[in-house]
Structure formats: C-alpha cells, structure tokens
Amino acid sequence: MCYETFRLLLDVAEDVAIAQRIREHDAKDNGNRTTLGEAATEFGIDLEAL
Amino acid sequence: VTLRFARVTFRDDAVADLRRLAERSRPTLLEVFRLLKALDAGVLVPVPLHDYAKTGDLTERGKIVVGVEGEPEHRIVVRDLGKGAFEISQVIAVEDRTADLPYLLAGLRLGRLEDPISRSDAQRRVARIRRLRDG
C-alpha cells in the first residue's frame, strides 16, 4: 500500500471512528450544557484577550 | 442575558475531555478555545462529515482540526444547531490515529462494523480508493 493510499484510508478510518464515538456519546448524553464563556472561566482563559 | 460566548455549548463529555486536555497540554487547550471563539463569532466553519450526512443521524455534524506544533493533533466534534449555535460533543486526540485503520480494516473484513450504513459507506470509500490507486 502506498503512503497516499494509507493517508486516504486514515481519513476514512477517522470518520468511521468519530461516527462510532458520536453514537456512543449520544446514547449517554445527560442533557447538561456548559457555554463557551462558562468553560473558559473554569479553565482560567480570558476569551476577550485570546 | 448576554449571548456572548454562549452560541457554542459543551456537553458534559466534552467538558471532561477539556479537563483531561488541560492536564496534558495547555497550548492545545488554548488553541481549542481560540478556535471555538472563532466558531462562536461565526468566522469558522467546521469540516462536515459529508459521507454520513445522508444517513440522517449524523446530519449537521462536523469536525474542527486542532494542530499545535509539537503537540498531538486533536479533533473538536461539532453539531450545528442552526442560527449560529453549535454544540461540542467531544474533543479527542488523534495521536493514536493509526490505530483506527486496523480497526476499520478488521471491521470490514470481519463484519464487526455493526452499523450497516457505516459499513457500506466505508466499503464504498475503500473501493473508490483502491480504484484510484490501481487506476
């Protein structure tokens, strides 16, 4: 398998893996949401200055 | 009520991903927030998961590539909620990306990809790649 083919297959594999993870995460979603601003505060990040 | 920095929201799993990332790489964490600030402002468009859009359940899903020199690449998995709002479901490292390829190939060979749409779509893409390679 040439490197170009390998890279293309990696792209396929990545999307398949992400799709699988999306389904797993959807199944256990508890409905809680945190806004970007709230998350930035938790991690000590100043979004205005970023 | 301000909507500033509120168009982008995180599921709990994504916040947990951020906490893990904060312990591993502060530069990557900052880059994630920089990209999501741009998403919140409407100046960044996620890469859609085109091949799965027609299946329905992954419609409006996309990913944002996070690359910081010297750090493992990450992907932010995004759902477009419409009207400029986005939901983040995961922030995942792809440093183990090569591990996904054996998973894919083994899944196709052994029929372990349980979702028939994913399986047929992956098979179609692999066939197309092989045609390109052999053609």
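For B:Glu69, A:Glu42, A:Glu14, A:Glu48, what's the fewest-to-most ordering of other Cβ within 10 Å of each Cβ?
Going from sparsest to densest Cβ surroundings: B:Glu69, A:Glu48, A:Glu42, A:Glu14.
Modelling each spin label as a point 7 Å along the Cα-to-Cβ direction, I'd like the A:Arg21/B:Glu60 distance in nm, to one decimal.
Here the modelled spin labels are 2.2 nm apart.
Quick one: if you stick a label point 7 Å off each Cα along the C-beta vector at B:Arg4 and A:Lys28, how many nm between them?
3.6
Under the Karplus relation 6.51 cos²θ - 1.76 cosθ + 1.60, θ = phi - 60°, what is the ordered set of whole-Hz ³J(HN,Hα) values for the stretch A:15-30, x standing for Gly and Pro?
In residue order, the calculated couplings are 5, 5, 5, 4, 4, 5, 5, 4, 4, 5, 6, 4, 5, 10, 5, 9 Hz.
Taking neighbour counts of Cβ atoms within 10 Å as a proxy for exposure, in what order, fewest first, do B:Leu49, A:Leu47, B:Leu36 appear?
A:Leu47, B:Leu49, B:Leu36
Apply the Karplus parameterisation 6.51 cos²θ - 1.76 cosθ + 1.60, with θ equal to phi minus 60°, to every residue of the stretch B:13-19 and state each ³J(HN,Hα) to the nearest whole Hz, in sequence, with x for glycine and proline.
4, 5, 5, 4, 4, 5, 5
Among B:Glu87, A:Glu38, what is the fewest-to-most ranking by other Cβ atoms within 10 Å?
So the residues, fewest neighbours to most, are A:Glu38, B:Glu87.
Every number in this text was worked out from the coordinates using simple rules, so none of it is lab data. Everything quoted here is computed from the prediction, not taken from an experiment. Neighbour counts run over all protein chains shown; Cβ positions are idealised from the backbone, glycine included.
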